[in-house]
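Quick notes on the structure that follows.
The values are calculated or read from the model by the stated rules, or taken from the named source; none is laboratory data. No experiment lies behind these values; they were computed from the predicted model shown. Using ideal geometry, Cβ is built from the backbone for each residue, glycine included, and neighbour counts are taken over all protein chains shown. Side chains included, ligands, DNA and RNA excluded: accessible areas come from the protein's heavy atoms. Shrake-Rupley method; radii C 1.70, N 1.55, O 1.52, S 1.80 Å.
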Amino acid sequence: MPKPRRGAALAPEGVVVVPHPLRVRPMGSLLFADDQRSLREEPGALGALALLPDEVLMQILSSGGARELACCACTSRAMRVLALSEDLWKACCLEEELAPGEWLRYDPGGWRCTYRRRRGLPAAPAASLGATHYYYSDVLYAPWHCGTAAIPPRWSRFENVPRVAASGLSVEEFAARFEAPGQPVILTGLASGWPPAAQ
């Protein structure tokens, strides 16, 4: 299991929980907070947009591009949290057309850094808000947590999903054995003839 970083905590099941860099926490944490006020509720944080739930705000932000996200991130601390969401920057990277033979190389700094590097822009400063209230949102916290939580090795010790070589399985057999009964399966060897898999 990876070593917890500074500020990380262990959940009861042994999952390493790393604090969100923009101070986002799940909504349930608000019940146990000393100061039960979210960054979202600060006066003027989102203006008239505060009437909209985070799901709708994320939909609105996803309709723009990287330039619009960067502009929105400059308007307020609450909007910065929304506009710097990894999911939005991932979409910006994946929507751009790659040149023939070009590979999309993910930057360890995140999707925003990946976008900036592809555009030849200088490295983005680390996203932070300074000392302020937390932003409580399951919409923002859940995907980040799922992407960063370190799963304890003991959870995956047992192999309980069958592995079947794709070369020895017909479409009809797959449908009868796995699709119809809803049985999970790992198909192996599907990419063995695909040129990028050899690189």
Is one or more of the residues making up the range 92-104 assigned to a loop (DSSP other than H, G, I, E, B) and among the aromatic types (F, W, Y)? yes
List the residue pairs whose Cβ atoms are under 6 Å apart, where the first residue sits in the range 89-112 and is touching a residue at least 24 places away in the same chain (Cβ under 8 Å), the second is assigned to a loop (DSSP other than H, G, I, E, B), and the two are 6 or more positions apart or on different chains. R112/A124
Counting only residues in the range 21-78 that are hydroxyl-bearing (S, T, Y) and not in a helix (DSSP H, G or I), the one surrounded by the fewest Cβ atoms within 10 Å (Cβ to Cβ) is identified as S63
Assess whether W103 counts as being among the aromatic types (F, W, Y) and either more than 30 Å from L31 (Cβ to Cβ) or modelled with pLDDT of 90 or more (or both). yes
Starting from the range 69-82, take each residue that is closer than 21 Å to W144 by Cα and without any contact (Cβ under 8 Å) to a residue 12 or more places away in the chain and list its partners that are of a type outside the set (D, E, K, R) and assigned to a helix (DSSP H, G or I), counting only C-beta distances under 9 angstrom and pairs at least six apart or across chains. C72/L61; C72/M79; C72/L82; C72/A83; A73/M79; A73/V81; A73/L82; A73/A83
Regarding the range 142-164, can at least one residue be identified that is more than 26 Å from the chain's Cα centre (by Cα) and hydroxyl-bearing (S, T, Y)? no
In the list G120, G147, which residue meets the criterion of being at pLDDT below 85, loosely packed, with under 15 Cβ neighbours inside 10 Å and more than 21 Å from S76 (Cα to Cα)? G147
Tell me which of these T132 doesn't satisfy, since it passes every other one: (1) surrounded by fewer than 10 Cβ atoms within 10 Å (Cβ to Cβ); (2) not in a helix (DSSP H, G or I). (1)
Considering the range 159-191, residues that are hydroxyl-bearing (S, T, Y) and open to solvent by less than 100 Å² (accessible area, probe 1.4 Å), and then whichever is nearest to W103 (Cα to Cα), we arrive at T188
